[in-house]
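Only one structure is covered here, and it is reproduced in the block below.
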Amino acid sequence: MAAAIANDSPKYKNSLICCSPNVEITSRASSSSTSGCVSADESYDSSYVPKSIVNKKLKIHSSATKEDIEKAINQCKELVLNSAQCSEERKWLVRYLVELRLRLEEIKDNNGQTRVQVSIKGHHFEQQTNPTNRKQYCDHCSGVIWSIVQGSYICTDCGYLCHYKCVDHICRVCAHVVMTERGSFEMSICPERGLAEQNYKCAECETALTFKDSWNEPRLCDYTGLYFCATCHWNDLCAIPARVVHNWDWEKRYVSRLAFQMLSLSWKRPYIDVERINPKLFNFIAELEWVHKMRKDLEWMRRYLCACTDGANLLSPLIVQLGDVNKKYSMSHLESINDGSLETQLTALTEVCRSHITNCRLCSGKGYLCEICGNNEILYPFDSGALMCDKCNSMYHRSCWLRKGEKCLKCLRLDERKKITEVDPDVPDALHYDIDKFVD
């Protein structure tokens, strides 16, 4: 997905809200979104601007007046109402309408003064009033930001930094919007397509790339597989999710600024389904297999703790993150598994939760008894020596289950009863009790 975004980046450069009044509108739709909402489609990198929009004069300059923007808003509203529901045309128009309204609010609030907040390409820029002491660089021109004499903006969503003079010229969509709409990492290892497919231009700013000049050599992004110029690729080092999931390779490799921001934002988001992508990885990484087993135990423990007033205090953020049903991992979780810290935390956490459940009167009352051996030992779904039937959820000792030929007694009774009902349909009336007879 990131590869598609970077490959189609020229359309963002020539979007309707552009920096030059002479730039022609392209036939591709801008993927700019100011809402950052989750989208079920991928229209921002595959949809085309309909001819009805291209022919309309919706384009405005960064120095447009209040009247120009209001005129564009009214025209955009009419196009939204005239477009078909759930169509790509309407989705694009709604995104653009939101951006126009934000521009209008900025003009009303600032009264022609320096803009404190700017919304463009999905970014939500705020003026830096108290910059840090460390040296900062502009993500657009890669120049130094001299905080004493130069104004600068920072995106509150993705951390994009730029000069005050560069804010209207940026061509990179907010990484927060891209990852929110995508909802997953690129799982192909460096899907390189070559410079010829990029027309020997930078995938983001369309600068011509050549091997003749060292200052403008193409730089490969190991995450997207695309080539960038030195302005858009700062040789940032980062571990690649695809290499980690497929090869458990944690070596850091060079990525572009776009990829670096996307990976930094999504580092702690549970996007990786290891069971679906590479289930064989559990056989080679013992720590990962152990954590995966403890996650299943935490899922059952969480159900017990949520129903107990005293156990609710034990619901730590770690249980909320890992004791869920989607079984997905974040890059932060996998990194903690690699260095051993997550395994240590989960071991201590499971012991505390297990101690509460087994000693609490309310929680232990929701345990199970083995029907085969008939002893009074309470079984729980997270016990290593217990086994649960997949059909009826009955619990047995693992040894008892094997001794009975891996057959569930309750399932056998249900099958027997089903056979009887098929022979004589009147039998169920005699088998089922009327509970009203036993209730006063």
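Here are the numbers for this structure:
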{"item": "3J(HN,Hα) from dihedral phi, the stretch 194-211, Karplus parametrisation 6.51/-1.76/1.60, rounded to Hz, x for glycine, proline", "result": "x, 5, 4, 5, 8, 6, 6, 10, 4, 5, 10, 9, 6, 6, 5, 10, 8, 8"}
{"item": "Efficiency of FRET from Cβ geometry, GLU105 and GLU371, R₀ 51 Å, rounded to 0.05", "result": "0.15"}
{"item": "Rounded to whole Hz, the Karplus (6.51, -1.76, 1.60) HN-Hα couplings of the stretch 336-345, x for glycine and proline", "result": "5, 5, 5, 8, x, 6, 5, 4, 5, 5"}
{"item": "Simple label model, 7 Å out from Cα along Cβ direction - GLN117 to TRP215, nm", "result": "4.0"}
{"item": "13 Å beta-carbon shell around CYS155, net charge (K/R +1, D/E -1)", "result": "0"}
{"item": "Of LYS293/LYS328; LYS280/LYS391; LYS121/LYS327; LYS268/LYS328; LYS71/LYS91, those spanning more than 22 Å from alpha-carbon to alpha-carbon", "result": "LYS280/LYS391; LYS121/LYS327"}
{"item": "Accessible-area order (highest first, 1.4 angstrom probe) of the listed residues PHE260, PHE211, PHE125", "result": "PHE211, PHE260, PHE125"}
{"item": "Order of exposure, largest accessible area first, which applies to HIS124, HIS292 with probe 1.4 Å", "result": "HIS124, HIS292"}
{"item": "Dipole magnitude (debye, nearest 20) for the stretch 152-193, charges at Cβ of Lys, Arg, Asp, Glu", "result": "100"}
{"item": "With DNA, RNA and ligands ignored, accessible area of VAL116 (1.4 Å probe; Å², nearest 10)", "result": "80"}
{"item": "Total charge dipole magnitude, the stretch 264-313, about the Cα centre, Cβ charges on Lys, Arg, Asp, Glu only, Debye to nearest 20", "result": "160"}
{"item": "Cα-based equivalent ellipsoid, the stretch 116-258: semi-axes from gyration tensor eigenvalues, Å", "result": "27, 19, 15"}
{"item": "Rough spin-label spacing in nm, given labels placed 7 Å along Cα→Cβ, for LYS268 and LYS407", "result": "5.3"}
{"item": "Tensor-based shape of the stretch 227-359 (alpha-carbon gyration tensor, a/c under 1.5 rounded, otherwise prolate or oblate)", "result": "prolate"}
{"item": "Ranking by accessible area, most exposed first, for TRP146, TRP267 with a 1.4 Å probe", "result": "TRP146, TRP267"}
{"item": "Cβ-placed point charges (K, R +1; D, E -1), dipole of the stretch 212-251 about Cα centre in debye, nearest 20", "result": "100"}
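The values are calculated or read from the model by the stated rules, or taken from the named source; none is laboratory data. Predicted model only: the values in this text are computed from it and were never measured. Because the Cβ atoms are built from the backbone with ideal geometry, glycine has one as well, and the counts that use them run over all protein chains shown. Remember, those area values only see protein heavy atoms, side chains included, never the ligands or the DNA or RNA. Shrake-Rupley method; radii C 1.70, N 1.55, O 1.52, S 1.80 Å.
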